[in-house]
């Protein structure tokens, strides 16, 4: 009985480093996202282009022609 407990404990201890490594690899991207989103103040956006409405006029002209 004692030997069964010992072997199962050794198997569990052998799996522990592998499980910890997998956990770290899976958690790293999830934990990195909030750190990347915190630095959004340095984003420079281009001014939006002014819409001239030529597309609608062209659509109406092509339907009539």
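The values are calculated or read from the model by the stated rules, or taken from the named source; none is laboratory data. Only a predicted model underlies this, so the values are computations on that prediction, with no experimental measurement involved. Note that each Cβ is placed from the backbone with ideal geometry, even for glycine, and that neighbours are counted across all protein chains shown.
Would you confirm, using the coordinates I've provided, whether residue 27 is at pLDDT 85 or above and surrounded by 10 or more Cβ atoms within 10 Å (Cβ to Cβ)? Yes: the conditions hold for residue 27.
Here is a yes/no grid of residues against (1) in a helix (DSSP H, G or I); (2) modelled with pLDDT of 80 or more; (3) under 34 Å from the mean Cα position of the chain (by Cα):
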residue	(1), (2), (3)
14	yes, yes, yes
19	yes, yes, yes
34	yes, no, yes
40	no, no, yes
51	no, no, yes
57	yes, no, no
62	yes, yes, no
